[in-house]
Amino acid sequence: TITGPCTAVAATNNTTGQTWTLTYTLTGGQTATITTDRPTVRGPAGQNLTSALDWPGAYLWWLAPGTNDVIFNVSGGDVGTSVKLAFHPRYEGA
């Protein structure tokens with residue numbers, strides 16, 4: 001979940017080499033939510049923002065097993081800007 005203010009966010013998983021960039025202006029307190037399990041990008045009003053990704057190179061990556069080296073670069077950030085990650089482990093069953 002990305003909370004503004006910001007104008008763009010670039011995310012890189014150096015472990016896998018996959019990246020995506022979202023170019024969309026969020027004002028202070030507005031949020032955009034990116035989900036990788038059923039890839040979706042939703043804006044502050046729930047609108048579809050997949051067209052704001054840097055296609056065709058965008059890849060909404062998931063975490064690889066083990067340690068991941070992840071970098072987020074935020075453009076236009078200021079007080080209140082944040083990037084929050086949530087991880088839901090998947091377990092194999094017998």
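The values are calculated or read from the model by the stated rules, or taken from the named source; none is laboratory data. In this text the structure is predicted, and so the values were computed from the model without any measurement. Cβ: placed from backbone, ideal geometry, glycine included. Neighbour counts: every protein chain shown. The protein model used for the area step is the full one, side chains on, heavy atoms only, and it has no ligands, DNA or RNA in it. Shrake-Rupley method; radii C 1.70, N 1.55, O 1.52, S 1.80 Å.
Data table
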read-out	value
Average accessible surface area per residue within the chain, 1.4 Å rolling probe, Å²	65
Heavy atoms of V83 accessible to a 1.4 Å probe, total area in Å² rounded to 10	50
Share of carbon and sulfur in the accessible heavy-atom surface of the chain [1.4 Å probe, %]	53
Vicinal HN-Hα couplings computed from phi for segment 16-22 (Karplus, 6.51 cos²θ - 1.76 cosθ + 1.60; Hz; Gly/Pro x)	9, x, 9, 9, 8, 10, 9
Dipole magnitude (debye, nearest 20) for the chain, charges at Cβ of Lys, Arg, Asp, Glu	180
24 Å tail of the calculated P(r), the chain, as % of Cα pairs	20
